[in-house]
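Have a look at the structure below, then the notes.
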Amino acid sequence: MARTGMGSGVPQIGSIVKPTRAGVVNLKKRLREHMGDDGGPLTLSHDGEWALSTTPGEGAAPVERRGNRITLSDEVLAALGWAEGDLLALVQRAGMGADERARSVAIKRFVVIACEGAAAALVDREDDVSVTRSFITHPEPEAWLGMLREGAADRRLRHDPRATLAERPTLDAWRSRRVAGWPDPDDDALAQRLAAERIDAQEADGSWADEVVLTARHLLELHDLGVAPHDPSIERGVAWLLARPASPWNPGMFFGADSLVARQIEVVAARERGERARFRERRALEMRITRAGDELFAQPCGPRIMWPNAFAVEALIATGHETHPRVRTALNTLGRGEWCECGYQHGASEWRRPEPPSLAVAEAFERACIEGFRYGGIRDLDDLATMDLCKTTGERLYRVSSDAHLETPGTPRAYRLEMPLHLQGCEMLTTRALANVTDERLRALCRAYLWRFAAAQNGPGGTFGGSSLRHYFHDGQLGVLSVFCRYDHPAARLAIMRLLPWIVDRQNPDGSWGADGFVERGTSVVLQSLSRVRDLLPDAFLLGM
């Protein structure tokens, strides 16, 4: 789809403006480029709608112009029903008259209204004089869960997962049987054997392969398999992790490799000298090392700090070391900025927040994310009046289709807009890692992020979309579920229930989920997710879970 709309046949709102009392409108650069404007005369014509163009046409009148500003006459403003303080939408149009290369801009009054619906959506309804942007909000979470429960009453898994899990001697199959309540008779012996295999692979210094992510993964697996925190193998692994060097710019945090700490210090020093150095990189070797943390990983977006730190902190919390000074320092550092490697790559040298947030600040952020969830990920409703093609920061909203089914004869044309889809991999992995943290501030931040992630569930059929998600994980839906399945929380339960059609449709014929290379991992994630919403599903759906 052409993002400007011309190639897709979907006319975009190029600019949303507020005229002055005298009717003066500023034509922004992108809009002028669309019209092919070279600074010469502009004309205004009326053929069902008012249209601004660089090409004189029959009945067109010249428009008063001074630089990039034009003045609309009282006659035009009155015809649009415009009153002082109202907004105008400048809507892209294709060629006019004989010259199809010339493009025009339709001028309409712009209004925003809100109403509750089945799920958040944005629809522009456009007639000859106005554009009404209807914001359809999500239902209230509790009521929505009730509706989703009713909608699931007739749903069933198409295939029984038990057969594919039976007697499989792998960790993820063991996890799946455990969470579903379908144990094999020898599962206790299998857990001991799996633990012994991991302990046998441990290096003398306590690490696994001298890598932070792999060491943290093995500690988590040993914990899941029931190995006690005071077991020598876990104690050695924990000691090795805690001994990793820390950067003064990211206090307490764990980097993907010891050498990266020194590299970051060099980069920050260079930046302080005025050089244009940048620490964040996504090198193939570092991404490969990070991918070892989970079979679902494809292209980690934060392989130097945020993803390795998530694994290390999760392992240390799981093994009972949340109160260790190094871990406490790392957790405090996580409170200073949003959980993205771009914001942490130069650490405290660029942070505007000198101290971690108070509990009150964290809870205020949580409330803002709950509100953002209701509006489908749009954090500021006032911003709806600025989301045009000329917007340079924040969300741009594009019309993605002409929704004829929303129209009836004699009613305005209807266009559906793209809702926010983007998810940050670093935020997701950090939230996943902190599922069992006890610090109240961080728990509030995690709850806030769950609402933020659920707000981006705007893909087809209640899936999670966006190109970035497909980069982070081999299967984006399983990647998101791997976060939500850690939490017994309304946002997580809503997201899982909304993904129920996908879970049913994407089940493999043998009863598993996922593709080659991550089938058992995918199956484990889905079954753990379904266990979170067991009370909302009919008994027959889960085949006895």
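The values are calculated or read from the model by the stated rules, or taken from the named source; none is laboratory data. These figures come from a predicted structure and were not determined experimentally. Every residue, glycine among them, receives a Cβ derived from its backbone with ideal geometry; neighbour counts consider all protein chains shown.
Being surrounded by 24 or more Cβ atoms within 10 Å (Cβ to Cβ) and in a loop (DSSP other than H, G, I, E, B) is the filter here, so list the residues in segment 320-353 that pass it. Within segment 320-353, TRP339 is the sole residue that qualifies.
Using the structure shown, decide if PHE484 is within 17 Å of LEU296 (Cβ to Cβ), crowded, with 18+ Cβ neighbours inside 10 Å and touching a Gly at 6+ places or on another chain (Cβ under 9 Å). The answer is no for PHE484.
Listed here are the residues, each with its yes/no results for (1) within 29 Å of the chain's Cα centre (by Cα); (2) at pLDDT below 95; (3) not hydrophobic (A, V, I, L, M, F, W, C).
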{"position": "PRO232", "(1), (2), (3)": "no, no, yes"}
{"position": "PHE254", "(1), (2), (3)": "yes, no, no"}
{"position": "VAL261", "(1), (2), (3)": "yes, no, no"}
{"position": "ALA270", "(1), (2), (3)": "no, no, no"}
{"position": "PHE279", "(1), (2), (3)": "yes, no, no"}
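Within segment 76-86, if we keep just the residues that are in contact (Cβ under 8 Å) with a residue 40 or more places away in the chain and not in a helix (DSSP H, G or I), the residue that is surrounded by the fewest Cβ atoms within 10 Å (Cβ to Cβ) turns out to be GLY85. Of the residues making up segment 151-177, those that are among the charged types (D, E, K, R) and modelled with pLDDT of 95 or more are ASP172, ARG175, ARG177. Of everything in segment 153-177, what is surrounded by fewer than 18 Cβ atoms within 10 Å (Cβ to Cβ) and either closer than 30 Å to ARG198 by Cβ or out of contact with any helix residue (DSSP H, G or I) (no Cβ under 7 Å at 6 or more places or on another chain) (or both)? Give them in sequence order. The answer is ALA153, ASP154, ARG156, HIS159, ASP160, ARG162, ALA163, ALA166, GLU167, ARG168, PRO169, THR170. Checking the structure you have, find out if any residue of segment 64-75 is over 24 Å from LEU384 (Cβ atoms), surrounded by 17 or more Cβ atoms within 10 Å (Cβ to Cβ), in contact with a Leu (Cβ under 7 Å, 6 or more places away or on another chain) and of a type in the set (S, T, N, Q). Within segment 64-75, none of the residues are over 24 Å from LEU384 (Cβ atoms), surrounded by 17 or more Cβ atoms within 10 Å (Cβ to Cβ), in contact with a Leu (Cβ under 7 Å, 6 or more places away or on another chain) and of a type in the set (S, T, N, Q).
Here is a check on your reading of the model: is LEU445 over 27 Å from ARG288 (Cα atoms) and among the aliphatic types (A, V, I, L, M)? Yes: the conditions hold for LEU445.
Of the residues ALA89, ALA118, the single one that is within 21 Å of LEU397 (Cβ to Cβ), part of a strand (DSSP E or B) and modelled with pLDDT under 95 is ALA89.
Say whether the condition of being of a type in the set (A, V, I, L, M) and at pLDDT below 95 is met by at least one residue in segment 221-230. Checked against the condition, which is being of a type in the set (A, V, I, L, M) and at pLDDT below 95, segment 221-230 yields no hits at all. Among the numbered conditions (1) modelled with pLDDT under 90; (2) among the small types (Gly, Ala, Ser); (3) within 15 Å of ARG109 (Cα to Cα); (4) crowded, with 16+ Cβ neighbours inside 10 Å, the only one that GLY5 does not meet is (3). More than 19 Å from the chain's Cα centre (by Cα), under 29 Å from PRO300 (Cα atoms) and at pLDDT below 95: is that true of GLU418 in this structure? Spelling it out, it is not the case that GLU418 is more than 19 Å from the chain's Cα centre (by Cα), under 29 Å from PRO300 (Cα atoms) and at pLDDT below 95. Return the only residue of ALA515, ALA491 being surrounded by fewer than 18 Cβ atoms within 10 Å (Cβ to Cβ) and either touching a Phe, Trp or Tyr at 6+ places or on another chain (Cβ under 8 Å) or under 18 Å from ALA173 (Cα atoms) (or both). Residue meeting the stated conditions: ALA515.
Checking each residue in segment 201-234 for being small (Gly, Ala, Ser) and surrounded by fewer than 18 Cβ atoms within 10 Å (Cβ to Cβ) picks out ALA201, ALA204, ALA209, GLY226, ALA228.
Of the residues making up segment 501-545, those that are farther than 16 Å from GLU295 by Cα and among the aromatic types (Phe, Trp, Tyr) number 2. The combined condition, being crowded, with 20+ Cβ neighbours inside 10 Å and at positive phi, is not fulfilled by GLY479.
Can you report the number of residues in segment 33-63 which are under 19 Å from ASP127 (Cβ atoms), among the small types (Gly, Ala, Ser) and exposed (fewer than 15 other Cβ atoms within 10 Å of the Cβ)?
Total satisfying the criteria: 1.
The criterion of at least 2 residues that are over 23 Å from CYS340 (Cα atoms) is met by the following helices (runs of 4 or more DSSP H) wholly inside segment 202-297: 212-224, 232-242. Going through (1) of a type in the set (Lys, Arg); (2) at pLDDT 95 or above; (3) part of a strand (DSSP E or B) one by one, ARG125 falls short only on (2).
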